[in-house]
Amino acid sequence: MADPRGFLKEGRAVAERRPVEERINDWNEVYPGSAGRALLPIITQQAGRCMDCGIPFCHQGCPLGNIIPEWNDLVWRDDWEGAIERLHATNNFPEFTGRLCPAPCETACVLGINQDPVTIKNVEVTIIDKAWDSGLVRPQPPEWLSGRTVAVIGSGPAGLAAAQQLTRAGHTVAVYERADKIGGLLRYGIPEFKMEKKHLDKRLEQMRREGTVFRAGVDVGTALGADKLTERYDAVVLAMGATEPRDLGVTGRELGGIHQAMEFLPQANRVALGEEVEDQILATGKHVVIIGGGDTGADCLGTSTRQGAASITQLEIMPEPPESRPAGQPWPTYPMTFKVSSAHEEAGERVYAVSTKEFLGDEDGNVRALRLVDVVFEGGRLTEIEGTERDIPAELVLFAMGFLGPEKPGLIEQLGVDLDERGNVKRNLTYESSVSGVFVAGDAGRGQSLIVWAIAEGRAAAAAVDTFLTGSTTLPAPIKPTERPLVV
Ligand SMILES: Cc1cc2nc3c(=O)[nH]c(=O)nc-3n(C[C@H](O)[C@H](O)[C@H](O)COP(=O)(O)OP(=O)(O)OC[C@H]3O[C@@H](n4cnc5c(N)ncnc54)[C@H](O)[C@@H]3O)c2cc1C
Ligand code: SF4
């Protein structure tokens, strides 16, 4: 156990972010240096608050089953090599989750019943950042090759986790990505201020040295047909994400200046890293309205702030969530509470319980305003409140209303895999689709979700593929496709 009296002596403390007026003038991470380095001075005491509970509910909360009390104890004892070994045993990419995970482990922490929980995510990112700095993250190439080949389609966290596990198990793995660079949403969705791409690039270099082959700029289904794919490879993992965005078909949708978040964010990410983008969609000097209150909306907010928007309003159809855990979402479940991301600290106004009625245009055919109305949920139905209609200025409107599953034309239609009732690729308990030898992991099968789930599914799907190819496996399988622990 870490410090037996740690939780009695120390309160929860988290790393300080850089001042708002400084960080909105650059694209770097909001923490000074890096999230991990910013925490170093306080991390030993914070790890020491872990109570090493008899039943560590944090394991249940973490979809990867991270062995949290063990690495808390090792950090407290200053054994960083032991800590990264334990962390990597369950998580291929702690530098992604340590920065980007909403940390359902912390809402399941036993200390959180009557005190502030352990800063698990902060400890995680400190362990991995320190490990990279100390040269403790090394390539782990396989000792022998199986002679079997696997194609992974999609290079987001699910595809990367599956590829790393399968490469280390001795299979020859090629990761196909239609974008010009590898990384999925980690590359072009998530802005630099949440995770600098250098963390992704370091990990990709490790994977290359282990033997994983990356093929960027290949749209599988167009450049490489499904028949060739299944002929060429012994197994296929579909990790194509849920990239079909939800739209809003109200009057005025055709006006200029109305875009999907994933049209806006990738361009901004490219420019932040020095690329040139022709006719870039820009928030500069504009009244920006973001429709949708989740992670994607917050990323549009932080990006618009850095581009110098005149005003930013984020609309959410649901009512404002409570500050603390509601009675219907008891510990250790993951509660829906009011969250303030780094982007929310910086700028913008959040408006809850409103619905968009119409977009209003100017004489040039561009959006100039958005008509909204207050709504209430009654008996499971959404009702507009009479007399609350009003117009707000909107010169750039960004849709961040979620995703409807993987795109069907192309590879999915060519393969003929069955879909579930939500339009995701259907899979059995071993992540295999209705087509033998074709497996699915991450958002393509689960639907729009989180990085931690994508990594967990990539690991579990890799175990299933290994069994399919060799008859048995020693790879871990953290979760079943149907599992959603601690979600009410
Ligand atoms: C803007 C945004 C911000 C987010 N922020 C967070 C966050 O802070 N924390 C968090 O936990 N989650 C966040 N998420 C969710 C998280 O990014 C996803 O759940 C996760 O990336 C899913 O991983 P994946 O590997 O399944 O798919 P993806 O990351 O979507 O990767 C799929 C890849 O497959 C490629 N592809 C698709 N079809 C083909 C084809 N035919 N041929 C070749 N390649 C193909 C796509 O180009 C894409 O690169 C965010 C999502 C968005 C959109
Ligand atoms: S991956 Fe997420 S849930 Fe798991 S320990 Fe890290 S922060 Fe917690």
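The values are calculated or read from the model by the stated rules, or taken from the named source; none is laboratory data. All values reported here derive from a predicted model rather than from experimental measurement. FYI the Cβ positions are ideal-geometry reconstructions off the backbone, even for glycines, and counts take in every protein chain you see. Only protein heavy atoms, including side chains, enter the accessible area calculation; ligands, DNA and RNA are left aside. Shrake-Rupley method; radii C 1.70, N 1.55, O 1.52, S 1.80 Å.
Go ahead and run the numbers for FRET between ALA179 and LYS408, Cβ-Cβ distance against an R0 of 25 Å, rounding to 0.05. Each step should come with its number before you reach the end.
On the way: r = 19 Å, r/R0 = 0.76.
FRET efficiency, ALA179 to LYS408: 0.85.
Determine, from the Cβ-Cβ distance of ALA89 and TYR352 and an R0 of 41 Å, the FRET efficiency 1/(1 + (r/R0)^6), rounded to the nearest 0.05. Could the numbers behind the result be given before it?
On the way: r = 42 Å, r/R0 = 1.01.
Efficiency computed from Cβ-Cβ geometry: 0.50.
Please give the length that would be gained between GLU263 and ARG484 if that part of the chain were fully extended, namely 0.36 nm times their separation in residues minus their C-alpha to C-alpha distance (nm, one decimal). Don't skip to the answer; put the middle values down first.
Numbers: separation 221, 0.36 × 221 = 79.56 nm, distance 3.03 nm.
Computed gain between GLU263 and ARG484 is 76.5 nm.
Placing pseudo-labels 7 Å out from each Cα toward the beta carbon at ALA327 and ARG246 gives an inter-label distance of 2.9 nm. Taking the stretch 315-347 and a reference point 7 angstrom along Cα→Cβ of ILE385, the backbone N atoms nearer than 17 Å belong to 315-322. Computed from the C-beta positions of VAL376 and SER146 and an R0 of 56 Å, the FRET efficiency is 0.45 to the nearest 0.05.
With a cut-off of 8 Å between alpha carbons and a minimum separation of six or more residues, what is the relative contact order of the chain in percent?
This gives 17 percent for the chain.
Taking the chain as a whole, the Cys residues whose C-beta sits 4.7 Å or farther from every other Cys C-beta are CYS50, CYS53, CYS101, CYS109, CYS300.
A simple rule links phi to the HN-Hα coupling: the Karplus curve 6.51 cos²θ - 1.76 cosθ + 1.60 with θ = phi - 60°, which for the stretch 130-137 gives 5, 5, 4, 4, 8, x, 8, 9 Hz, with x for Gly and Pro.
Modelled label positions at GLU275 and MET318, each set 7 Å beyond Cα in the direction of Cβ, lie 3.2 nm from each other.
Note on LYS197: lysines with a C-alpha under 18 Å away, same-chain residues under 8 apart excluded, are LYS130, LYS181. Between ILE392 and GLN45, the modelled label-to-label distance comes to 4.1 nm, taking each label 7 Å out from Cα in the direction of the beta carbon. Give the separation of the Cα centroids, the stretch 269-295 to the stretch 50-110, in Å. The two parts, judged by their Cα centres, are 35 Å apart. Put simply, the amide H of ILE290, placed in the peptide plane, has neighbours under 5 Å in THR313, GLN314, LEU315, LEU398, leaving out anything fewer than 5 places away on its chain. Protein heavy-atom surface of the chain, 1.4 angstrom probe: 50% of the accessible area is carbon and sulfur, with nucleic acids and ligands not counted.
Averaged over residues, the count of other Cβ atoms within 10 Å places the peptides 269-275, 347-353, 102-108 in the sequence 102-108, 347-353, 269-275, highest first.
Heavy-atom accessible surface of the chain, averaged per residue, reaches 43 Å², computed with a 1.4 Å probe.
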